[in-house]
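The values are calculated or read from the model by the stated rules, or taken from the named source; none is laboratory data. Since the structure is predicted, the reported quantities are computational estimates derived from the model, not experimental observations. A quick note on method: Cβ atoms are made from the backbone with ideal geometry, for glycine too, and the neighbour counts reach across all protein chains shown. Side chains included, ligands, DNA and RNA excluded: accessible areas come from the protein's heavy atoms. Shrake-Rupley method; radii C 1.70, N 1.55, O 1.52, S 1.80 Å.
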Amino acid sequence: MSELHFYNSYTRRKEKFESITPGYAGLYVCGPTVSGESHLGHARPYITFDVVQRYLKHLGYKVRYVRNITDAGHFEEEGREATDKVDEKAKLEKLEPMELVQKYTNLYHWGMHLFNCEDPAIEPTATGHIIEQISMIETIIEKGYAYEVNGSVYFDVKKYAGNYPYGKLSGRVLDDQLETSRDLDGQDEKRNKADFALWKNAPPEHIMRWKSPWGDGFPGWHIECSAMSSKYLGETFDIHGGGMDLQFPHHESEIAQSTIAHGHPPVRYWIHNNMITINGKKMGKSYNNVIKLSELFSGNHPILEQAYHPMVVRFYILQTHYRSTLDFSNEALQASERAIRRLWEAYELLQKLNHPGNTEAQDKTLDQQVVAWCNELSDFMNDDFNTAKVIGNLFELAPVINGIKGGQVAAGALSSGTFAMLKDTFKIFLEDILGMQPLQAQQSNNLDNVLSILIEIRKDAKKRKDFATSDQIRNKLAEGGILLKDEKDGSMSYTIE
RNA sequence: GGUCGCGUAGCCGAGUGGCUAGGCACAGCUCUGCAAAAGCUGCUACAGCGGUUCGAAUCCGCUCGCGACCUCCA
């Protein structure tokens, strides 16, 4: 049995995971800025890290999963309009900032639940941790790595880079940052262009503002994650996750701040998921090509040919390794939809199947193959969370399951032990680890009763060779999205589209 | 311009130097009153050029194409 290894962005290689406290794992993931609705691109990290934390739990770790909510708003720390995004949007929509934040937080939670993402253990907000952030900034100033100018506080990147490995995570050289040709407003406050804001002075019109030793203002973007992760996971914790686009400057800055404040780097393992693209371009607000989650689920977007069920989207994301880019297309989503429907039906069938009870496999070759396929699943997860390979193997198993029902595979082909293992393994990986759910809600008893009546009538018609009636029942139901299937044993089943 | 990454069959996509990943689509067959579903079979690709090697999609070099970050961004 292999052990968990995954790619550490910090060292740029796969490493064996060893948690700081045996049996416990701390995971921090950068959550959303709730100044707008989440889109398909946002879904990827949340689903990716949901699987990561599910797998850690599966391995027996007690996981503390912390995923923040950025509700204080980011701003251009390099100057320009040092305005609070949340605040700006609020004025447009004529809402209180906190009302806006609440609205998008609720929408975000709605999406996460539809995706069947488990709630984090702690979901801290930036506005709820202003004191912690101020305190951390004070420490950094005391240690001589930050300076105040006109009520704002900046981190001294050049000084930091002289004593610590600045740029290691994102593969950046400080000199390049210092020589950037960008000429942005507010640069004059900084000693160097690479410096970033820890605290920004708030202009009078700014609604979101807090008192600080440097006057009224609001925290810099990066400091919230440093303050909250260390508060709940410790000054050094196991895993920090987020999208690749956050590597620089956000995560690089987190490392710098925490290293100064605490005297050592904050994180053992960094995990970054790749982007979702659309027509080859990253999906993001700067490209104006986003598909919001509500649009995705309703199909209400010019690009979308249909609505896509959250589980289809989840499956689509997990079919690709998290470190590869994933290109959106209707064709790809539709392929995923058919695939997960077929896989889920095989899974449901498996849970209903009974084994004849023979302890010896009648087909030893197949039995061994099934055991091998099942055992490989852990190896795949242990090798950098390779959900794509896990799904591949589940599809290898599907024909065995369907074959047992269809008669192409003998009922006792597998030993009772292997059969039981197959059942358990399928459940654990598909439901518990990949976090998949059925595409359709549990049918109501009423509907089931009605359909039973129709099925009985159709059976009678077929017996009388009254195919006009039997076909009419089947065709009319199909128009309503209910598909009848004649099983080999003479029974009938139905699925709802 | 700097740094990093990618280019795999009709489409999506996994790939640890040697052994058909997988999915979707398509075609044929089995089953079936007919369908659907399911099963079986087929479709065997690695941007181009060179190099290393007994052997390369996988390592190295060059060329072409694409993208990400360098500015808010998952």
Could you grab the pairs with beta carbons closer than 9 Å, sequence gap of 6+ or different chains, first residue in the stretch A:457-474 and exposed (fewer than 13 other Cβ atoms within 10 Å of the Cβ), second one outside any helix (DSSP H, G or I)? A:ASP460/A:ASP466
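Residue by residue, here is whether (1) under 16 Å from the mean Cα position of the chain (by Cα); (2) touching a residue at least 60 places away in the same chain (Cβ under 8 Å); (3) within 14 Å of RNA strand B (Cβ to nearest atom) holds:
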| residue | (1), (2), (3) |
| --- | --- |
| A:ILE271 | yes, yes, yes |
| A:TYR287 | no, no, yes |
| A:PHE297 | no, yes, no |
| A:GLN334 | no, no, yes |
| A:ILE340 | no, yes, yes |
Keeping to the stretch A:78-125, report how many residues are outside any helix (DSSP H, G or I), modelled with pLDDT of 95 or more and not aromatic (Phe, Trp, Tyr). 10
Out of A:SER9, A:SER38, which single residue is within 24 Å of A:TYR104 (Cα to Cα), within 16 Å of RNA strand B (Cβ to nearest atom) and among the hydroxyl-bearing types (Ser, Thr, Tyr)? A:SER38
Looking only at the stretch A:200-219, and only at residues there that are closer than 11 Å to A:ILE137 by Cβ and either assigned to a loop (DSSP other than H, G, I, E, B) or in contact with a helix residue (DSSP H, G or I) (Cβ under 8 Å, 6 or more places away or on another chain) (or both), the one that is modelled with the lowest pLDDT: A:PRO219
Kindly list the number of the only condition in (1) more than 12 Å from RNA strand B (Cβ to nearest atom); (2) of a type outside the set (D, E, K, R); (3) under 27 Å from A:TYR55 (Cα atoms); (4) open to solvent by less than 30 Å² (accessible area, probe 1.4 Å) that fails for A:ILE391. (1)
Could you check A:ASN402 against (1) within 8 Å of RNA strand B (Cβ to nearest atom); (2) crowded, with 18+ Cβ neighbours inside 10 Å; (3) not aliphatic (A, V, I, L, M) and say which number it fails? (2)
Kindly provide the set of residues from the stretch A:248-274 that are outside any helix (DSSP H, G or I) and either buried (at least 18 other Cβ atoms within 10 Å of the Cβ) or in contact with a helix residue (DSSP H, G or I) (Cβ under 6 Å, 6 or more places away or on another chain) (or both), ordered by number. A:PRO265, A:PRO266, A:VAL267, A:ARG268, A:TYR269, A:TRP270, A:ILE271, A:HIS272, A:ASN273, A:ASN274
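Could you say whether any residue in the stretch A:420-435 is near RNA strand B (Cβ under 8 Å from one of its atoms) and not assigned by TED's automatic domain parsing to the domain that holds A:GLY241?
No, the stretch A:420-435 contains no residue that is near RNA strand B (Cβ under 8 Å from one of its atoms) and not assigned by TED's automatic domain parsing to the domain that holds A:GLY241.
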Residues in the stretch A:317-332 that are surrounded by 16 or more Cβ atoms within 10 Å (Cβ to Cβ) and near RNA strand B (Cβ under 9 Å from one of its atoms) total 7
Can you report the number of residues in the stretch A:352-374 which are touching a residue at least 12 places away in the same chain (Cβ under 8 Å) and away from RNA strand B (no atom under 14 Å from the Cβ)? 11
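Can you name every residue in the stretch A:189-222 that is within 12 Å of RNA strand B (Cβ to nearest atom) and either open to solvent by 30 Å² or more (accessible area, probe 1.4 Å) or not basic (Lys, Arg) (or both)?
A:ASN192, A:LYS193, A:ALA194, A:ASP195, A:PHE196, A:ALA197, A:GLY220, A:TRP221, A:HIS222
Looking at the stretch A:375-388, which of its residues are more than 7 Å from RNA strand B (Cβ to nearest atom) and in contact with a Ser or Thr (Cβ under 9 Å, 6 or more places away or on another chain)?
A:ASN375, A:LEU377, A:SER378, A:ASP379, A:PHE380, A:MET381, A:ASN382, A:ASP383, A:PHE385, A:THR387 - these are the residues of the stretch A:375-388 that are more than 7 Å from RNA strand B (Cβ to nearest atom) and in contact with a Ser or Thr (Cβ under 9 Å, 6 or more places away or on another chain).
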If A:GLY357 passes every condition in (1) at positive phi; (2) buried (at least 19 other Cβ atoms within 10 Å of the Cβ) but one, which one does it miss? (2)
Does A:GLN408 satisfy the criteria of being open to solvent by 60 Å² or more (accessible area, probe 1.4 Å), of a type in the set (S, T, N, Q), part of a loop (DSSP other than H, G, I, E, B) and free of Cβ contacts under 8 Å to residues at least 24 places away in the same chain? yes
